[in-house]
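**Student:** Sharing a structure with you now.
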Amino acid sequence: MSVRFISIFYGPEMGRSMFYVRKVQFFALLAVAFMLQPSSVWSFAFMLPSSTVMAKPFDPGSGVNPLIFEPGYKMAVAPMNLRADYAFSKGIQSSSSALPVLKSEKDTVTLLDEVEVSAPKLAGKLARTGKVLTLITAEQIRASMGKSLGELLQEQVGISVVGARSAPGSNQEIYVRGANTGHVLLLMDGFPLNDPSHISQVMDWNLINLANIQKIEIIKGGQSTLYGSDAMSAVINLVSKKNEQDVTSGTWLVQGGGFGTYATQLQVNTSLAQNRFGISFQNYSTEGFSAAKDSVKKGENDGMRQQSLSLTWARPIGKRSMIDVNYQALFYQGNLDAGPFMDDQDYTSKAKSNSLRFQWQYRGKSSDLFIRGFRDVIDRTFRNDSTFIPMNAWSNYSESVYKGINQGAEAYLKGRFLNQIEFVIGTEYKHQATQQSDFSISSYGRYDAPKLSENMANQSVLGSYLTIQKHWDLKFGLELGGRWNRQSTFGDFSTVNVNPYWKYSKSGKAFFNFYTSFKTPSLYQLFSPYGNLILRPEQGTTYELGFEQNFGIFHARVVGFQNEVKDGIVFQSIDVEPYGKYVNVSKQNTRGLELELSFKMKKWALNTSYTYLHGNMSNKIDGKDSTYSSLIRRPSNQIQTRIQYQANARFSISLLAQFVGERKDYFYDESVYSSVPKTLKSYVWTEIQLGCRISKNLNASLLIKNVMDQDVVELYGYTGQRRNVQASLMWNF
């Protein structure tokens with residue numbers, strides 16, 4: 001079963017809501033006044049009444065009750081590499097070769113004040129922010145041809161993706177710094193990617209193909225002030241490929257390799273008058289291998305098929321405004337197994353997503369206005385047919401149908417006033433709904449679970465936010481932010497963030513970050529037969545302290561952090577029907593350390609990182625406290641090193657080694673009728689990537705995964721990828 005975490009400001013009455021609005025307004029005015037007086041800046045951080053700050057939340061490392069698991073629940077951990085030019089860089093140019101080309105013969109790393117930050121809603125230089133930012137560039141994505149999105153994120157420091165190295169089509173869930181998978185907000189071009197029909201409202205990662213992504217932006221820490229619900233441990237923004245030229249151009253990508261894998265993608269961009277058009281089509285299929293371990297016989301291959309279509313249109317309106325419209329259709333079909341050690345030959349899943357996104361931007365003299373809207377509709381179907389019935393199966397046939405609708409609108413203003421203060425102020429509205437039905441047929445007959453309809457299972461959130469940023473003499477900087485929210489079931493609450501930094505030299509800075517954050521209960525947790533309409537939001541508090549420094553050809557970053565989550569939502573068993581209910585009883589505390597070091601000299605580049613995590617979770621039910629490690633399926637220690645060598649303008653090689661430490665999982669043992677702990681052994685994942693620039697517009701790459709052919713187990717009872725080879729060819733025209 002999945003566990004969530006939340007907390008709240010309860011105040012449905014209009015008078016009380018206006019009280020919170022006035023507090024946010026008061027906060028904003030004080031921030032402006034004090035930022036104009038350097039001597040008063042630090043005192044301001046302690047002036048807000050405690051009632052305006054979300055209570056010390058608690059970071060759900062696993063978000064899971066180890067004794068009860070819901071179907072399909074998975075989790076895990078991984079590392080990442082950062083260089084100065086990886087942090088939301090707009091200024092560092094990308095290479096078209098299959099692997100990154102070292103751009104400069106100078107044996108130095110890019111200085112902090114030369115790197116541009118392009119994070120959504122707030123832009124600037126890396127040296128002028130205290131937030132922990134990372135960019136996975138177009139170069140890195142091109143160098144990752146043959147990988148999935150989950151596999152690429154698994155390589156990042158502090159990030160874990162369980163299922164990324166399992167059978168193709170496995171359920172993938174992402175964890176940042178040990179937090180629950182539902183505490184990571186996924187965006188596409190700044191628009192939220194949520195599935196309201198999912199228990200934790202997360203998107204099915206199998207719908208997203210890395211070939212459609214231009215770059216990936218990661219902001220660590222609680223980012224709810226700017227981005228709202230779910231942004232408790234990180235925001236991951238996927239930037240899609242777009243037409244940014246006035247000439248006709250395109251890319252054709254072909255990939256093939258082990259497990260019967262074949263993929264192709266075609267993208268064409270063109271312009272007509274002032275209109276820019278883009279179309280992209282992608283098809284991916286693989287025969288895969290059996291997801292479930294079976295020591296007696298070889299199970300059926302669990303393959304998958306993935307397709308996508310993207311249409312974009314953009315044009316200027318007058319001299320100061322621009323309109324941008326995007327439509328995206330995603331389709332996925334895969335084979336599943338019945339459970340740990342249980343092969344199934346006719347259990348299938350299908351999913352499709354249709355998204356429409358719109359943005360209008362107006363450029364003023366000192367500020368830009370953005371008006372945005374989106375609508376996502378996601379349909380999922382799981383069918384377990386009766387042609388093959390595994391031993392110990394609960395039913396002979398089952399079918400589950402889910403539909404999630406996620407839509408919203410936002411307007412925000414981003415700019416500068418008094419020539420020294422940068423700001424973002426905005427309002428957003430989001431509405432979610434779901435309909436769900438499932439039935440099964442067993443020896444006892446047919447059973448239909450209670451249905452959920454859109455009219456019953458829905459919620460909305462209205463939020464207004466303001467962040468202000470000021471810098472003094474290019475040495476000190478401070479960002480302050482506040483957000484007021486009103487949710488349709490539990491009322492009003494607010495969040496804040498405080499982000500000071502000190503740039504003690506041209507090549508180094510120190511920073512401290514304080515965030516409060518939240519996650520609203522999912523529609524399933526509110527309206528299902530096990531739902532609870534008085535659930536409060538899970539509330540988080542994050543503290544970060546770090547240093548970032550260039551040492552000639554070296555770049556280093558060290559970040560210590562502590563995440564706390566309170567009012568976590570867990571499933572509590574009861575003695576009467578429906579024999580279970582979601583309640584706010586969980587707390588979690590996770591602390592850790594992220595170390596990153598990079599080296600760049602002429603033809604050589606090296607990136608290494610280390611992640612340490614320690615976390616515990618406590619539940620208080622019926623007056624009894626239970627405490628256990630929250631790092632289920634995630635290691636306390638993880639190390640990664642990547643070495644790149646650019647032999648010449650045509651050939652390059654990259655070597656990756658990642659150590660994933662020992663982990664603990666839980667397995668329901670029918671012989672004792674309870675969940676028992678199981679140890680997942682540590683392993684070393686290795687890769688070799690070869691790149692060749694055949695011509696100016698033609699690039700080839702060869703990727704060897706799991707070179708040492710280690711037995712990788714991310715979930716007890718399931719298999720992982722063995723050694724396999726993927727080849728790719730990319731033609732730019």
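The values are calculated or read from the model by the stated rules, or taken from the named source; none is laboratory data. All of these numbers come straight from a predicted model, not from anything done at the bench. Reconstructed Cβ throughout: ideal geometry from the backbone, glycine too, with neighbour counts over all protein chains shown. Remember, those area values only see protein heavy atoms, side chains included, never the ligands or the DNA or RNA. Shrake-Rupley method; radii C 1.70, N 1.55, O 1.52, S 1.80 Å.
**Student:** Starting from segment 341-354, keep only residues that are small (Gly, Ala, Ser), then list their pairs with residues that are assigned to a strand (DSSP E or B) and open to solvent by 50 Å² or more (accessible area, probe 1.4 Å) whose Cβ atoms are within a distance under 7 Å, requiring at least 6 positions of separation or different chains.
**Tutor:** Every condition considered, the pairs that remain are Ser349/Phe382.
**Student:** Could you tell me how many of the residues in segment 272-281 are touching a strand residue (DSSP E or B) at 6+ places or on another chain (Cβ under 6 Å) and in a loop (DSSP other than H, G, I, E, B)? Break it down into steps so the answer makes sense when it comes.
**Tutor:** Residues of segment 272-281 that are touching a strand residue (DSSP E or B) at 6+ places or on another chain (Cβ under 6 Å), as a first pass: 274-281.
Retained after the next criterion (residues that are in a loop (DSSP other than H, G, I, E, B)): 274.
Qualifying residue count for the region: 1.
**Student:** Need the failing condition index for Asn648 against (1) in a loop (DSSP other than H, G, I, E, B); (2) under 19 Å from Lys147 (Cα atoms); (3) of a type in the set (S, T, N, Q), just the number.
**Tutor:** (2)
**Student:** Among (1) modelled with pLDDT under 90; (2) open to solvent by less than 10 Å² (accessible area, probe 1.4 Å); (3) not hydroxyl-bearing (Ser, Thr, Tyr), there is one condition Asp195 misses while meeting the rest; what is its number?
**Tutor:** Failing condition for Asp195: (1).
**Student:** Right, another one. Mind listing whichever residues of segment 325-351 are more than 26 Å from Ser285 (Cβ to Cβ) and open to solvent by 50 Å² or more (accessible area, probe 1.4 Å)?
**Tutor:** Scanning segment 325-351 gives a single hit, Phe341.
**Student:** Would it be correct to say that Gly221 is in contact with a strand residue (DSSP E or B) (Cβ under 8 Å, 6 or more places away or on another chain), small (Gly, Ala, Ser), under 30 Å from Asn706 (Cβ atoms) and touching a residue at least 12 places away in the same chain (Cβ under 8 Å)?
**Tutor:** Numbers: in contact with a strand residue (DSSP E or B) (Cβ under 8 Å, 6 or more places away or on another chain): yes; small (Gly, Ala, Ser): yes; under 30 Å from Asn706 (Cβ atoms): no; touching a residue at least 12 places away in the same chain (Cβ under 8 Å): yes.
Here the answer is no, as Gly221 does not meet what is asked.
**Student:** While we're on this one: Can you pull out the residues in segment 683-710 that are closer than 23 Å to Ala657 by Cβ and out of contact with any strand residue (DSSP E or B) (no Cβ under 7 Å at 6 or more places or on another chain)? Break it down stepwise before answering.
**Tutor:** Kept after step one, since they are closer than 23 Å to Ala657 by Cβ, are these residues of segment 683-710: 683-692, 701-710.
Selection gives Asp709 alone.
**Student:** Leu690 - would you say it is open to solvent by 40 Å² or more (accessible area, probe 1.4 Å) and hydrophobic (A, V, I, L, M, F, W, C)?
**Tutor:** Spelling it out, Leu690 is indeed open to solvent by 40 Å² or more (accessible area, probe 1.4 Å) and hydrophobic (A, V, I, L, M, F, W, C).
**Student:** May I ask you to list the residues in segment 217-256 that are open to solvent by 20 Å² or more (accessible area, probe 1.4 Å) and in a strand (DSSP E or B)?
**Tutor:** Scanning segment 217-256 gives Val239, Ser249, Thr251, Trp252, Leu253, Val254, Gln255, Gly256.
**Student:** Additional query: When segment 157-179 is examined, which residues are found to be among the polar types (S, T, N, Q) and in contact with a strand residue (DSSP E or B) (Cβ under 7 Å, 6 or more places away or on another chain)?
**Tutor:** Let us first name the residues in segment 157-179 that are among the polar types (S, T, N, Q), namely 160, 166, 170-172.
Listed by number, the residues that qualify are Ser160, Ser166, Gln172.
**Student:** So for segment 488-495 (the condition being surrounded by fewer than 23 Cβ atoms within 10 Å (Cβ to Cβ), of a type in the set (Gly, Ala, Ser) and in contact with a Gly (Cβ under 7 Å, 6 or more places away or on another chain)), does at least one residue qualify?
**Tutor:** Looking for residues that are surrounded by fewer than 23 Cβ atoms within 10 Å (Cβ to Cβ), of a type in the set (Gly, Ala, Ser) and in contact with a Gly (Cβ under 7 Å, 6 or more places away or on another chain), one finds at least one in segment 488-495, hence yes.
**Student:** A follow-up question, please. Please name all residue pairs, on different chains or six or more residues apart, with Cβ atoms under 9 Å, provided the first residue is in segment 517-528 and is more than 10 Å from Thr489 (Cβ to Cβ) and touching a residue at least 60 places away in the same chain (Cβ under 8 Å) and the second residue is part of a helix (DSSP H, G or I) and open to solvent by less than 10 Å² (accessible area, probe 1.4 Å).
**Tutor:** Ser517/His183; Ser517/Ser224; Ser517/Thr225; Phe518/Ser224; Lys519/Gly182; Lys519/His183; Lys519/Ser224; Ser522/Gly182
**Student:** Which count do you get for residues in segment 592-622 that are part of a strand (DSSP E or B) and under 30 Å from Ile534 (Cα atoms)? Spell out the reasoning first.
**Tutor:** Within segment 592-622, the subset part of a strand (DSSP E or B) is 592-601, 604-621.
In the following step, the residues that additionally are under 30 Å from Ile534 (Cα atoms) were identified as 615-621.
Qualifying residue count for the region: 7.
**Student:** Taking segment 718-733 as the region of interest, how many residues are surrounded by 18 or more Cβ atoms within 10 Å (Cβ to Cβ), assigned to a loop (DSSP other than H, G, I, E, B) and touching a Gly at 6+ places or on another chain (Cβ under 8 Å)?
**Tutor:** Number of matching residues: 0.
**Student:** Which ranges mark the strands (runs of 3 or more DSSP E) fully within segment 365-471 that have 2 or more residues being open to solvent by 60 Å² or more (accessible area, probe 1.4 Å) and among the hydroxyl-bearing types (Ser, Thr, Tyr)? Lay out the reasoning, then the answer.
**Tutor:** Values: elements: 367-384, 397-417, 421-442, 445-448.
In segment 365-471, 421-442 are the strands (runs of 3 or more DSSP E) which contain 2 or more residues that are open to solvent by 60 Å² or more (accessible area, probe 1.4 Å) and among the hydroxyl-bearing types (Ser, Thr, Tyr).
**Student:** Could you figure out which of (1) farther than 22 Å from Asp230 by Cα; (2) in contact (Cβ under 8 Å) with a residue 60 or more places away in the chain; (3) open to solvent by 20 Å² or more (accessible area, probe 1.4 Å) isn't true of Gly508?
**Tutor:** With respect to (1) farther than 22 Å from Asp230 by Cα; (2) in contact (Cβ under 8 Å) with a residue 60 or more places away in the chain; (3) open to solvent by 20 Å² or more (accessible area, probe 1.4 Å), Gly508 is out only on (3).
**Student:** Quick check: is even one residue across segment 260-269 touching a Pro at 6+ places or on another chain (Cβ under 8 Å), farther than 18 Å from Phe331 by Cβ and either assigned to a strand (DSSP E or B) or open to solvent by 20 Å² or more (accessible area, probe 1.4 Å) (or both)?
**Tutor:** No, because not a single residue in segment 260-269 is touching a Pro at 6+ places or on another chain (Cβ under 8 Å), farther than 18 Å from Phe331 by Cβ and either assigned to a strand (DSSP E or B) or open to solvent by 20 Å² or more (accessible area, probe 1.4 Å) (or both).
**Student:** Checking the structure you have, find out if any residue of segment 481-490 is closer than 20 Å to Phe518 by Cα, within 29 Å of the chain's Cα centre (by Cα) and of a type in the set (D, E, K, R).
**Tutor:** Scanning segment 481-490 turns up at least one residue that is closer than 20 Å to Phe518 by Cα, within 29 Å of the chain's Cα centre (by Cα) and of a type in the set (D, E, K, R).
**Student:** So is Ala164 more than 25 Å from Leu336 (Cβ to Cβ) and either in a loop (DSSP other than H, G, I, E, B) or modelled with pLDDT of 95 or more (or both) or not?
**Tutor:** no
**Student:** Would you say Glu548 is open to solvent by less than 20 Å² (accessible area, probe 1.4 Å) and out of contact with any Cys (no Cβ under 8 Å at 6 or more places or on another chain)? Spell out the reasoning first.
**Tutor:** Working: open to solvent by less than 20 Å² (accessible area, probe 1.4 Å): yes; out of contact with any Cys (no Cβ under 8 Å at 6 or more places or on another chain): yes.
Yes.
**Student:** Let me ask something else about it. Scanning segment 660-679 for residues that are assigned to a strand (DSSP E or B) and open to solvent by 80 Å² or more (accessible area, probe 1.4 Å), which turns out nearest to Thr611 (Cα to Cα)? Break it down into steps so the answer makes sense when it comes.
**Tutor:** Looking only at segment 660-679, we keep the residues that are assigned to a strand (DSSP E or B), and these are 660, 663-669, 674-679.
From what's left, open to solvent by 80 Å² or more (accessible area, probe 1.4 Å): 664, 668, 679.
Values: Lys664: 17, Tyr668: 30, Thr679: 20 Å.
Ranking the qualifying residues of segment 660-679, first place goes to Lys664.
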